[in-house]
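Student: Sharing a structure here in structure tokens format.
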Amino acid sequence: MLKKMWFQSVALLLLPLLALSVQAQEFEEGKHYTKLSQVVRTQDPGRVEVVEVFGYWCPHCSDFERYLGPWKQQQPESVDFKHLPAVFSPKQAEFAKAYYISVTLGLEHETHPALFSLIHQQRSWINNKEQLAKFFADFGVSDADFNKAYGSFSLSSKFNLGKRKAAEYQIKGVPSMVVNGKYLVTAGTAGSHKKVLEVVDYLVAQEQAKLK
């Protein structure tokens, strides 16, 4: 009986090590994720930065939200999560501006899911400033406040910085996840949207270990 209990205790102690070993073998650089050719500077070197590059117009990004939403809520303070709207064509510019305006006005948590719903459930679109103003008006934003945010230097700076960051991340499609300015993970490399976050967790754990 004592011998059996000893084996059980040893097995329990070895389980975390075995799990790490399996995980290390499962997620390989060049296969499940890509290492960026140059490290992109992060905002807070004391935390692990995770960036989702997305587009409201993207059906895959809309689908990814069902996994990403709960995942974001579970992240510790040591993980610095950010959204980055991608702009591959002029038609997508208003959606990127919508995100930056929502952050400026403190409405991100309300407008983020609403914009996905507008495009993919209600089958509507935003092509210009007037349509964007109407969208924000539904959230109680006055024309004056909207125009101030839309024409601000802050919006222009964030928009241009976002485009530059996406280029530095070597983004070719969305949704894409960038871990600590070093690693790029997509559904194509990971295997599925759900698997993307498993690979991200693995890379975050690696980066967190370096901070200790």
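Every read-out reported here was derived from the displayed coordinates using simple, explicitly stated rules and does not represent laboratory data. On a predicted model such as this, the values are computed, not experimentally measured, just so you know. Cβ placement follows ideal geometry from the backbone for every residue including glycine, while neighbour counts extend to all protein chains displayed.
Student: Assigning unit charges at the beta carbon (Lys, Arg +1; Asp, Glu -1) and nothing else, what dipole magnitude in debye, to the nearest 20, does the stretch 86-132 show about its Cα centre?
Tutor: Numbers: 4 positive and 4 negative charges, 36 e Å.
The calculation lands at about 180 debye.
Student: Using only DSSP helix segments of four residues or longer, with each worth -39500 (n - 2.57), what per-residue ellipticity at 222 nm results for the chain after dividing by its residue count and rounding to 500?
Tutor: Values: 9 runs with 121 residues, N = 212.
Helix contribution divided over all residues of the chain: -18000 deg cm²/dmol.
Student: Say a site is exposed when it is one of the GluC sites (Glu not before Pro), sits in a DSSP loop, and has at most 12 other Cβ atoms within 10 Å; what is then the longest site-free stretch of the chain?
Tutor: By the stated rule (loop sites, at most 12 other Cβ atoms within 10 Å), 78-212.
Student: Using amide H atoms built 1.01 Å from N in the peptide plane, name the residues 5+ places from TYR33, or on other chains, whose amide H lies under 5 Å from its own.
Tutor: GLU28
Student: Quick check on my link table: of LYS31/LYS212; LYS35/LYS148; LYS97/LYS212; LYS35/LYS212, which ones sit more than 32 Å apart, alpha carbon to alpha carbon?
Tutor: Over 32 Å Cα-Cα: LYS35/LYS148; LYS97/LYS212.
Student: Another one. Can you tell me the relative contact order of the stretch 30-211? Whole percent, Cα pairs under 8 Å, sequence separation 6 or more.
Tutor: Relative CO of the stretch 30-211 lands at 39 percent.
Student: Okay, next question. Could you check the simple spin-label distance between SER154 and GLU130, using points 7 Å along Cα→Cβ, in nm with one decimal?
Tutor: Each label point lies 7 Å from its Cα, and together they span 2.8 nm.
Student: Read phi for every residue in the stretch 148-161 and hand back ³J(HN,Hα) as whole Hz from Karplus 6.51 cos²θ - 1.76 cosθ + 1.60, θ = phi - 60°, with x for Gly and Pro.
Tutor: Listing the rounded values in order: 5, 5, 5, x, 6, 5, 4, 5, 4, 5, 5, 4, 5, 5 Hz.
Student: Taking a cut-off of 14 Å between Cα atoms, list the aspartates and glutamates near LYS129, but don't count ones fewer than 8 places away on the same chain.
Tutor: GLU94, ASP143, ASP145
Student: So, one more: Amide H of PHE81 versus every other amide H placed in the peptide plane: which residues, excluding those fewer than 5 positions away on the same chain, fall under 5 Å?
Tutor: For PHE81, the qualifying residues are VAL50.
Student: Would you list, by chain and number, the aspartates and glutamates whose Cα falls below 18 Å from the Cα of LYS210, excluding same-chain residues fewer than 8 positions away?
Tutor: Leaving aside aspartates and glutamates fewer than 8 places away in the same chain, those within reach of LYS210 are GLU29, ASP44, GLU49, GLU77, ASP80, ASP201.
Student: Still on this structure, please answer the following. Rank TRP71, HIS112, VAL199 by how far each Cα sits towards the positive end of the charge dipole of the chain (+1 on Lys, Arg Cβ; -1 on Asp, Glu Cβ) and give me just the farthest.
Tutor: Going by the Cα projections, it comes out as VAL199.
Student: Any number yet on Rg/Rh for the chain, C-alpha, Kirkwood?
Tutor: Using Cα coordinates only, the ratio equals 1.08.
Student: Suppose every Lys and Arg Cβ carries +1 and every Asp and Glu Cβ carries -1, with no other charges. What dipole size does the chain come out with about its Cα centre, to the nearest 20 debye?
Tutor: Working: 25 positive and 21 negative charges, 98 e Å.
It works out to roughly 460 debye.
Student: Taking θ as phi - 60°, what are the ³J(HN,Hα) couplings along the stretch 104-109 by the Karplus curve (6.51, -1.76, 1.60), each to the nearest whole Hz, with x for Gly and Pro?
Tutor: Per-residue couplings from phi come out as 4, 8, x, 10, 3, 5 Hz.
Student: If you filter the stretch 112-165 for trypsin sites (Lys or Arg not before Pro), then keep DSSP loop positions with at most 14 other Cβ within 10 Å, what is left?
Tutor: ARG123
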